[in-house]
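Quick notes on the structure that follows.
Read-outs throughout are calculated quantities, based only on the coordinates presented, and are distinct from any laboratory measurement. Since the model is a prediction, treat every value here as computed from it, not as a measurement. FYI the Cβ positions are ideal-geometry reconstructions off the backbone, even for glycines, and counts take in every protein chain you see.
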Amino acid sequence: MFNMIIRPVKIDFKEEDYLKKVNKWKKKWPKLTIMPWKEEEKMDNLEFMEKFKPKERCIKDFKYWIVCIRESQTTLGSAVILLKRQTESVGKVLKEEAAEFPSVIKWYEETCKEKFGAVKFNYLIMMMHDNFVHYHAFPRYDNDIEIFNEIWHDDDWPRAIDFKKKNVINESKLLEILNFMSK
């Protein structure tokens, strides 16, 4: 146990023994971070972020992060970037999770530039209502974009994004954007 993080050592334990031990330790030390036995568990245990519908709205899945389309398209391609592990503080993001984050941002920005012509990006991390690490990501546009039988306008350009503006679009249009971004 280093830095209150428990990682499985598969040569020393069987999965059921590991789970028994970590459950016992978690009761004794509630602030422990328990890493899953199987990597694939990370995508299966996303109940804490269900508000963002990660299984339905996933644009791109990384090892530690998931990029989901936002229901409110404040600007075209607005997304939420979620850590797949439930933790309430950016300060508790693990080194390996933090190391992957620049690749996630690079993919997101390149995708929005290539697909929609985004010129800048705004990111917000507040965690006031949803107490787990996630970033709201907003591509920014200096011109209107005509795509998906609609004209998209960045009302706040060149000021900071007003993410409170709701531009909730129907589910079929949202899926059309998601599919276009994930190609």
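Partners of Lys164 within straight-line reach, counting aspartates and glutamates whose Cα lies under 14 Å from its Cα and excluding those fewer than 8 residues away in the same chain: Glu71, Asp154, Asp155, Asp156. Which of the pairs Lys55/Lys115; Lys14/Lys51; Lys26/Lys106 have their Cα atoms more than 29 Å apart in this structure? Too far apart for the 29 Å limit: Lys14/Lys51; Lys26/Lys106.
Positive end of the dipole of the stretch 46-182 (Cβ unit charges, origin at the Cα centre): among Val104, Pro139, Val119, the Cα lying farthest that way belongs to Val104. Length gained on full extension, Gln86 to Ala99, computed as 0.36 nm times the residue gap minus the Cα-Cα distance: 2.9 nm. Dividing the C-alpha radius of gyration of the stretch 55-183 by 2.2 N^0.38 Å, with N its residue count, gives 1.03. Taking the convex hull of the alpha carbon positions in the stretch 38-130 and averaging its projected area over all directions gives 6.3 nm².
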